[in-house]
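Participant: My questions will all concern the structure given below.
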Amino acid sequence: MERNAPSSPGKPQATCRIRLTKTGPARFMSHLDFIRAVERAVRRADLPVALTEGFHPHPRMSFSPALPVGVESECELVDVDLRESPSVDEVARRLGCVLPPGMRLVSCVVLPRGGPSLSSMIRAASYQVDFARDNIAGRPDVIEAAIEGLLRADAIPISRTTPKGTREFNLRPLIYDLRLLRGNGAVSVHMLVAAGPRGHVRPDDVAREIARRAGLGPGARPARIVRKEFYVERDGRFRPLL
Amino acid sequence: MQIDSRLLDEILEVVERPARYVNGEWNAVHKRPDEVDVRVLLAFPDTYEVGMSHLGLKILYYILNQRDDVACERTFMPWVDMHAAMKDKGIPLYSLESRLPAREFDILGFSLQYELSYTNVLAMLDLAGIPARSEARGADDPLVIAGGPCAYNPEPVAPFFDAILLGEGEEAVGEIVDEYKRARRESLSRREMLEALARVPGVYVPSLYEVEYREDGKIARIFPTSPAAAYPVQKRAVRDLGTVPFPDKFVVPFAEIIHDRIMLEVFRGCTHGCRFCQAGMVYRPVRERDLDDLCELARRLVTSTGYEEISLMSLSSADYSRIRELVSNLLQRYSGSGVAVSLPSLRVDSFSVDLAKEVEKGRKTGLTFAPEAGTQRLRDVINKGVTRNDLLEAVRAAFAAGWQAVKLYFMIGLPTETEDDLAGIVNLAREVLACGREELRRAGTTRSPQVTVSVSSFVPKAHTPFQWHPQAPMEELLEKQDYLKHHLRGRGLKLAWHDVKSSFLEAVFSRGDRRLAAALEEATTLGCRFDAWHEELRFDKWQEAFARSRVDPKFYANTHWSYDDVLPWDHLSAGVSRDYLVAESRRAAEGVPTPDCRLGKCVKCGVCPQLKVAPRILARPVEGVS
Ligand code: SF4
């Protein structure tokens, strides 16, 4: 197939949903950096991407909600509209070898056009927060107590400063689950929180709240946070999206 | 040997834009530094975003890494917050690829693109733990070398470098590495190694020259102190760009950089002959790349980078003699796949506007033209071959094609400038605006035109016909800016200007000599860095630095030098003859223009016979070169 042969933007025939990691050096990319990186990888992979209309066409893609800079992920989701319906193997083979370190292809599916969009499906996300061992000084119970306190609280007021001003909101109803994970000496928290346009929790907000309640000073080493999974809601239960 | 990665990662959690400090960008080259003979660290004395936008760095990175015996890595000046954090935690300057301290490299190669990055060079050496002065470095220290346009007068930084390359690096870097390897194999002393390097054509070893000064502060003479040192050192120029490698892979950064796109160099050099322009003198002669080579390079770069834009780079891309074919070829190939083509530098004519129209399609953000001076008289003085009609025709074409915003570049403080010339700027801007109103009305739109006048101050540069001219004193430049601020008011007009303080510093260092090295050291000690960044420039500290080191900056920036004076860069040659520069300077005084040799006839600037090269214009020969 001739690369970059002139072609019309064309009608999308299929959507390819890919799941990528954003770990290691890639965790420092901003969401915009990440979008650009995926666009470029898709172009290197020479996938038959459908383009947007207009003078400045670019690949038709949509992304799962943004990740704060520095937070890692094992489950970034991207929908790429395609002009053809290639096999999953074909997409995986081409894309797999053109991704920079830290962005690994975990899985992909080719879906027919017209299905629900990522943003309309995503309801929740899970994260793992690893607290630096030297901060806890071998006392997982302070973290455990902080978690319990959080879950018992009626309201957890959080203020977020955006260019539009400072906004106060209650974090508590958006936190669905918090659990302490013990093992190989590390102190980690697993959290399930709201995600998507109807309500979105920044994992670093929760991690900071836990650290504050656990009495870790502002000078404490930051926790490592990994986004593990996105969830849809089906039959009243959260199920992994992909 | 590596730096403490855990400590570094912790800092990265808190600094601004951490993606610029990590390794692993797509197409970055990872070798094992302990498995090669020579480790080279390319050091850019500005931010990652600026340095990674620089084509020369990409070219050298590619060429050096093609060699199996070399590992070439990159480092940049950390931004203010990162710099402070690294100093605080004791993390030295390190390479992106291997996170290896700069000190562990054999060769550190600095890119000197503008004078206001000099304090960053010293800050980086300091962060690396490498002595700033060449004379203080020993056998365990890396060889610290430099290249780039500032190499044509590197005297203010000469004491900091072991060697400096004049001119183009494609062929010379390999020769430098070879000489370095030989010197090490033969266990030469540092001095012997420097002498060996000085024998590589184009390489200037400052420590092998001495400068004597007169009582009045001017230079008495500059002379070599070793038989290995050439006088003058002649710049390097590649005869045919098709015979040296051009990268078919670019590093694609994680973080957005300034020029985040494919940079395709269509030709090198420019012979319009603007008399203030250093690039137009030192990159001569014009050498065009073959059309087929360019198309093939574009194809490979799109495949290897995935970039969405190809920028046709040169000092004036519409001059490429087969530009139409090139543009239509690229557009035909890529317009369907979402890859755009752009032309960053336009001439002032309707041909250029037509080209821009073809490539820019609907994204009409704004067009920029550079008439440089407000009257025909002054444009003749500076040899800017542009008339009022050219400009009005070009902007008319632009507005008619749907552009709404036009930016005009002018310079103030040019030699012979009077108030008439300033009034000329105002009149031209108003005429352009009126022309825009007319065209937009004719097109039936309700939008109104926007004309931005961007004014910079003349800075005399080495190896140009204006090298003997002073810069106007800061007070005078400020008055001129005020005049323009006062007269360029009103709907549709905008004025942007350069800080006169930074233009002053630029002039000091562009005509500076070795005595300024002490002032640079003082300024760095006082905390000056990122001087090119408006919000970071600390002029009061600079004044203190000049006072402490007892140099008068006005001597360099604001005094007229005569043809008989020894210039700080007299031992360095860009190939253009001194006779030609004097003749051009006289023609400027008389307001006589000089034609461009690329149109077909050599005007004897001297570079071609001197360097045994010739202009390479695909569409026509140039006659009379000897
Ligand atoms: S020597 Fe002649 S042909 Fe060569 S660049 Fe100078 S003017 Fe042009």
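Participant: Sequence-distant or interchain residues sharing an amide H contact under 5 Å with residue A:13, placed H: which?
Facilitator: A:82, A:83, A:84
Participant: What longest range of chain A stays clear of loop-exposed GluC sites (Glu not before Pro) (DSSP non-H/G/I/E/B, at most 10 other C-beta within 10 angstrom)? Don't skip to the answer; put the middle values down first.
Facilitator: Details: sites that count: A:2, A:53.
Value returned for the longest uninterrupted segment is A:54-242.
Participant: Helix A:203-213: angle to the longest alpha-carbon principal axis of chain A, degrees 0 to 90, nearest 10?
Facilitator: 10 degrees
Participant: How large is Rg over Rh for the range B:264-314, taking Rg from the Cα atoms and Rh as the Kirkwood inverse mean of 1/r across Cα pairs? Don't skip to the end; give the middle numbers.
Facilitator: On the way: Rg = 13.7 Å, Rh = 12.3 Å.
Radius of gyration relative to Kirkwood radius: 1.11.
Participant: On average, how much area does the Cα convex hull of the range B:170-295 cover when viewed from any direction, in nm²? Write out the running numbers ahead of the final one.
Facilitator: On the way: hull surface 51.2 nm².
Its average projected convex-hull area is 12.8 nm².
Participant: In debye to the nearest 20, how big a dipole does chain B give about its Cα centre with +1 on each Lys and Arg Cβ and -1 on each Asp and Glu Cβ?
Facilitator: Values: 81 positive and 91 negative charges, 336 e Å.
Roughly 1620 debye, rounded to the nearest 20.
Participant: If you don't mind, another one. Tell me, what is the percent relative contact order of chain B, built from C-alpha pairs under 8 Å that lie six or more residues apart? Walk me through the numbers before you get to the answer.
Facilitator: Details: 1204 pairs, mean separation 87.9, N = 626.
Normalised by residue count, the contact order of chain B is 14 percent.
Participant: Inside 10 Å of the C-beta atoms of A:96-103, what's the mean count of C-beta atoms belonging to other chains? Mind showing how you got there, number by number?
Facilitator: On the way: counts 0, 0, 4, 1, 8, 8, 3, 3.
Per residue, the number of nearby Cβ atoms from other chains is 3 on average.
Participant: Let me ask another. Give, in whole angstrom and from largest to smallest, the semi-axes √(5λ) of the equivalent ellipsoid of the range B:312-405, with λ running over the eigenvalues of the Cα gyration tensor. The partial results should precede the final answer.
Facilitator: On the way: eigenvalues 140, 45, 19 Å².
In descending order, the three semi-axes are 26, 15, 10 Å.
Participant: Okay, next question. Just to check I understand the Karplus step: with θ = phi - 60° and J = 6.51 cos²θ - 1.76 cosθ + 1.60, what whole-Hz values come out for the range B:100-113, glycine and proline as x?
Facilitator: 9, x, 4, 4, 7, 8, 7, 10, 10, x, 8, 9, 9, 8
Participant: Could you state the angle between the C-alpha long axis of helix A:31-44 and the longest principal axis of the C-alpha atoms of chain A, as a value from 0 to 90 degrees rounded to the nearest 10?
Facilitator: Computed tilt is about 30 degrees.
Participant: Taking a threshold of 18 Å on the Cα-Cα distance, which of the pairs B:384/B:612; B:501/B:541; B:461/B:604; B:357/B:407 fall above it?
Facilitator: From B:384/B:612; B:501/B:541; B:461/B:604; B:357/B:407, over 18 Å: B:384/B:612; B:461/B:604.
Participant: Spit out the partnerless Cys residues in chain B, using Cβ distances under 4.7 Å as the pairing rule.
Facilitator: Within chain B, the cysteines lacking a partner Cβ under 4.7 Å are B:72, B:150, B:270, B:295, B:435, B:528, B:597, B:602, B:605, B:608.
Participant: Applying 1/(1 + (r/R0)^6) with R0 = 22 Å to the Cβ-Cβ distance of residue B:68 and residue B:34, what FRET efficiency is obtained, to the nearest 0.05? Don't skip to the answer; put the middle values down first.
Facilitator: Details: r = 14 Å, r/R0 = 0.65.
After rounding, the FRET efficiency stands at 0.95.
Participant: In addition: Along the charge dipole of chain B, Cβ charges K/R +1 and D/E -1, which of B:277, B:422, B:227 sits furthest on the positive end?
Facilitator: Positive-end residue among those listed: B:422.
Participant: Shifting gears a bit: At 1.4 Å probe size, with no ligands or nucleic acids counted, give the accessible surface of residue A:141 in Å², nearest ten.
Facilitator: 80 Å²
Participant: Loop-only check: which GluC sites (Glu not before Pro) in the range B:211-260 are DSSP coil with at most 13 other Cβ within 10 angstrom?
Facilitator: Values: sites: B:212, B:215, B:256; in loops: B:215, B:256.
The qualifying sites are B:215.
Participant: As an exercise, find the ratio Rg/Rh for chain B from alpha-carbon atoms, using the Kirkwood inverse-distance average for Rh. Could the numbers behind the result be given before it?
Facilitator: Numbers: Rg = 24.4 Å, Rh = 25.6 Å.
The Rg/Rh ratio comes out at 0.95.
Participant: Where the centre of each part is set by its Cα atoms, how far does the range B:428-454 sit from the range B:276-333, in angstrom?
Facilitator: Using only Cα atoms to place each centre, the spacing works out to 31 Å.
Participant: Counting other Cβ atoms within 10 Å, which trypsin sites (Lys or Arg not before Pro) in the range B:338-398 have at most 12 and lie in a DSSP loop? Walk me through the intermediate numbers first.
Facilitator: Values: sites: B:347, B:357, B:361, B:363, B:364, B:377, B:379, B:384, B:388, B:396; in loops: B:347, B:361, B:363, B:364, B:384.
Listed in order of number, the matching sites are B:363.
Participant: What's the magnitude of the charge dipole for the protein assembly as shown around its Cα centre, counting Lys and Arg as +1 and Asp and Glu as -1 at the beta-carbon? Answer in Debye, nearest 20. Don't skip to the end; give the middle numbers.
Facilitator: On the way: 119 positive and 118 negative charges, 492 e Å.
Approximately 2360 debye in magnitude.
Participant: Can you list the trypsin sites (Lys or Arg not before Pro) in the range B:520-578 that are in a DSSP coil and have 10 or fewer other beta carbons within 10 angstrom? List each step's numbers first, then the result.
Facilitator: Details: sites: B:529, B:538, B:541, B:548, B:550, B:554, B:578; in loops: B:529, B:538, B:550.
Passing sites in the range B:520-578 are B:550.
Participant: Give me Rg over Rh for the range A:122-240, both radii from the alpha carbons and Rh done the Kirkwood way, two decimal places. List each step's numbers first, then the result.
Facilitator: Values: Rg = 14.5 Å, Rh = 15.0 Å.
Rg/Rh for the range A:122-240 comes to 0.97.
Participant: Only bridges with both residues in the range B:31-164 count here: give the DSSP antiparallel percent, nearest 5.
Facilitator: On the way: 1 of 19 bridges.
The answer is about 5 percent antiparallel.
Participant: Another question about this same structure. Quick one: how many Å² of residue A:162 are accessible to a 1.4 Å probe, rounded to 10?
Facilitator: 60 Å²
Participant: Along the charge dipole of the protein assembly as shown, pointing to its positive end and built from +1/-1 on Cβ of Lys, Arg, Asp and Glu, which listed residue (A:24, B:40, A:174) has its Cα farthest out?
Facilitator: Positive-most Cα among the choices belongs to A:174.
Participant: Using a Cα-Cα cut-off of under 22 Å, which lysines could be cross-linked to residue B:249, ignoring same-chain neighbours fewer than 8 residues away?
Facilitator: Those lysines meeting the cut-off are B:31, B:58.
Participant: Charges at C-beta only: +1 for Lys and Arg, -1 for Asp and Glu. How large is the resulting dipole of the range B:1-158 about its Cα centre, in Debye rounded to 20? Walk me through the numbers before you get to the answer.
Facilitator: Working: 15 positive and 25 negative charges, 31 e Å.
Roughly 160 debye, rounded to the nearest 20.
Participant: For chain B, give me the percentage of DSSP beta bridges that are antiparallel, rounded to the nearest 5 percent.
Facilitator: Working: 12 of 59 bridges.
The antiparallel proportion sits near 20 percent.
Participant: A follow-up question, please. Considering chain A as a Gaussian network with a 10 Å cut-off on Cα pairs, which listed residue, A:151, A:105, A:32, attains the greatest mean-square fluctuation?
Facilitator: Per the Cα network of chain A with a 10 Å cutoff, A:32 tops the list.
Participant: Follow-up. Under the 0.36 nm per residue contour assumption, what length would be gained going from the current alpha-carbon distance of residue B:81 and residue B:550 to full extension?
Facilitator: 165.7 nm
Participant: Let me ask another. If you take the C-alpha gyration tensor of the range B:5-234, multiply each eigenvalue by 5 and take the square root, what semi-axes do you get, largest first, in whole Å?
Facilitator: Working: eigenvalues 178, 85, 50 Å².
One finds semi-axes of 30, 21, 16 Å for the range B:5-234.
Participant: Collect residues whose amide H, placed 1.01 Å from N in the peptide plane, falls under 5 Å from the amide H of residue B:233; neighbours closer than 5 in sequence don't count.
Facilitator: B:572, B:573
Participant: Using only Cα atoms, locate the centre of the range B:80-133 and the centre of the range A:79-131, then give the distance between them in Å, rounded to an integer.
Facilitator: Going from one Cα centre to the other spans 40 Å.
Participant: With both bridge residues required to lie in the protein assembly as shown, what share of the DSSP beta bridges run antiparallel, to the nearest 5%? All intermediate terms of the calculation are to be shown ahead of the outcome.
Facilitator: Working: 65 of 114 bridges.
The antiparallel proportion sits near 55 percent.
Participant: Write down the radius of gyration of the protein assembly as shown and its Dmax, each obtained from C-alpha positions, in Å.
Facilitator: 29.6, 93
Participant: Can I ask one more? Just check the range B:361-511 against the gyration tensor rule for me: Cα atoms, a ≥ b ≥ c as the square roots of the eigenvalues, rounded for a/c under 1.5, and otherwise prolate or oblate depending on whether a/b exceeds b/c.
Facilitator: Details: a/c = 2.17, a/b = 1.94, b/c = 1.12.
Prolate, because a/c is 1.5 or more and a/b exceeds b/c.
Participant: Per DSSP H run of n ≥ 4, the term is -39500 (n - 2.57); total these for the protein assembly as shown, divide by its residue number, and report the mean residue ellipticity at 222 nm rounded to 500 deg cm²/dmol.
Facilitator: Working: 27 runs with 276 residues, N = 868.
Result for the protein assembly as shown: -9500 deg cm²/dmol, rounded to the nearest 500.
Participant: Also, I was wondering about something else. Can you tell which of B:114, A:215, B:27 lies farthest toward the positive end of the dipole of the protein assembly as shown, using +1 and -1 charges on the Cβ of basic and acidic side chains (Lys, Arg; Asp, Glu)?
Facilitator: A:215
Participant: Give me the Å³ per residue figure for the convex hull around the C-alpha atoms of chain A. Don't skip to the end; give the middle numbers.
Facilitator: Values: hull volume 36.7 nm³, N = 242.
Per-residue hull volume (Cα only) is 152 Å³.
Participant: Still on this model: May I ask you to give the average projected area over all directions of the convex hull of the Cα atoms of the range A:14-117, in nm² rounded to one decimal? It would help to have the intermediate numbers written out before the result.
Facilitator: Values: hull surface 24.9 nm².
Orientation-averaged projected area of the Cα hull: 6.2 nm².
The values are calculated or read from the model by the stated rules, or taken from the named source; none is laboratory data. Only a predicted model underlies this, so the values are computations on that prediction, with no experimental measurement involved. Every residue, glycine among them, receives a Cβ derived from its backbone with ideal geometry; neighbour counts consider all protein chains shown. Surface areas here come from the heavy atoms of the whole protein model, side chains and all, with no ligands, DNA or RNA. Shrake-Rupley method; radii C 1.70, N 1.55, O 1.52, S 1.80 Å.
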